[in-house]
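In what follows, a structure is listed as structure tokens, so that the remarks can point back to it.
The values are calculated or read from the model by the stated rules, or taken from the named source; none is laboratory data. None of these values were measured; they are calculated from a predicted model. A quick note on method: Cβ atoms are made from the backbone with ideal geometry, for glycine too, and the neighbour counts reach across all protein chains shown.
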Amino acid sequence: MKTANLTKLVTGICSGNYSQAELIQYIHLAQKISLSYLKYQEMLGKRISGHSFAADLELADLAMDCIAELFGRDQGGQFTQLKKYYEGKFAEMPVIDDAEVLILTRRLIVRKTKQELSRIFRERDPEGAKIVRNIKVAIRTAADLHIFRELGKEFVFQGTFPKWEESFSLTAAMQRQLRRSAPPMQDELIYKVFLDNFHSSDSVSASIRKLLLSMASLQGYQNFVSLETLVKLVRYAKFDACREKITINENVPTPADHLETKEMEEYIDVVMASIWARLDLQYLRTRKLNTDKAVIYHQALRDVLYDLIQKRDTSSYYKNLKFYISGLTQKEYRQQERSVFEYLAKLAKKEFRKYLCEML
């Protein structure tokens, strides 16, 4: 990566003494650094972009989104974040060259990219963000659970070691206990071991501890597990039964009683927001429905989704709608309501199924 005149370029941008071409040059440099970090994360196995032919283009756009906030200006036209960062660093280093400025720039861009990825992850996958947070809190508060980092990934292991500062480095005693030379356990076996020991009444830390103790008892495998795998396991335990029920329309026993929790309700909220947008576009704006009827449909459709996760086998579209339209008869439902309402119900259930299955 070229570093010639980088100090002059950054100084000019922070002081406001730059040309449009120089600003574009710096933006391109920042995008390249962010893009390199994103590609490195994908090499480690993290799915950031899609798997289509346009994945590289998607990553490039995402890199630009990640750094965009750095170029916000104040009323005076100053790049406040860049100015605060660089001027503070320059004050600590009176003598600085282009190579050192490049190091500072990389740190800034990578840190900002990490922050934005975390935000995007929370927005795209609020359930996954909660699971990650809950797992990390459980590990931090459990005396015998620890995290270490290797090649950009986080791993969890169990052992009676004193808690150390969150540097993610391993002590010599920890190194000796870890079976690093053993092969990793296959995902299918980890899943089986986890479910064999899973109880809905267990805390997150208890579930992790049981899994790791079982893994440690299998001498031919590693005795630690990636944080990413733990997130998948928690999702499986929460949503596997619901996925099967919705996919094949059969009642199956749940592995846990989490199907009526707020996490599931959040997915319903997302689907219902989408359905309301469709109601507005296709029926309110074209005056095929009035506002009062659209609100009734929206409330009844929400009940349809709740019936799915609460295993109400006796529910029906007619009963869902009749709850909000007093005196509605079967004949009136078939003649006046069924066509539109059942079409919307089909769309809502399809979208709800998609959200749940994508989480597995």
- [ ] Test Ala294 against the stated conditions and say whether it is over 30 Å from Asn134 (Cβ atoms) and modelled with pLDDT of 90 or more.
- [x] yes
Task: Exclusive hit being modelled with pLDDT under 85, over 28 Å from the mean Cα position of the chain (by Cα) and not assigned by TED's automatic domain parsing to the domain that holds Phe194, set Asp307, Asp313 - done: Asp313
Open item on the list: Against the definition (in contact with a helix residue (DSSP H, G or I) (Cβ under 7 Å, 6 or more places away or on another chain), of a type in the set (Gly, Ala, Ser) and either crowded, with 17+ Cβ neighbours inside 10 Å or assigned by TED's automatic domain parsing to the domain that holds Gln41 (or both)), how does Ala142 come out, yes or no?
Closed with: yes
- [ ] Could you please find all residues in the range 75-121 being crowded, with 18+ Cβ neighbours inside 10 Å and of a type in the set (S, T, N, Q)?
- [x] Thr105, Thr113
TODO: Return the pairs, sorted by first residue and then second, in which the second residue is at pLDDT 80 or above, the first residue lies in the range 112-137 and is among the hydroxyl-bearing types (Ser, Thr, Tyr), the beta carbons are less than 6 Å apart, and the residues are 6+ apart or on different chains.
DONE: Thr113/Ser34; Thr113/Tyr37; Thr113/Cys66
Open item on the list: For the range 178-216, give me each residue that is assigned to a helix (DSSP H, G or I), out of contact with any helix residue (DSSP H, G or I) (no Cβ under 9 Å at 6 or more places or on another chain), touching a residue at least 24 places away in the same chain (Cβ under 8 Å) and not aliphatic (A, V, I, L, M).
Closed with: Arg209
Task: In the range 30-56, the residues that are more than 20 Å from the chain's Cα centre (by Cα) and modelled with pLDDT of 70 or more - done: Ala30, Gln31, Lys32, Ile33, Ser36
Open item on the list: Please go through (1) modelled with pLDDT of 60 or more; (2) more than 24 Å from the chain's Cα centre (by Cα); (3) not polar (S, T, N, Q) for Val225 and return the number of the only condition it doesn't satisfy.
Closed with: (2)
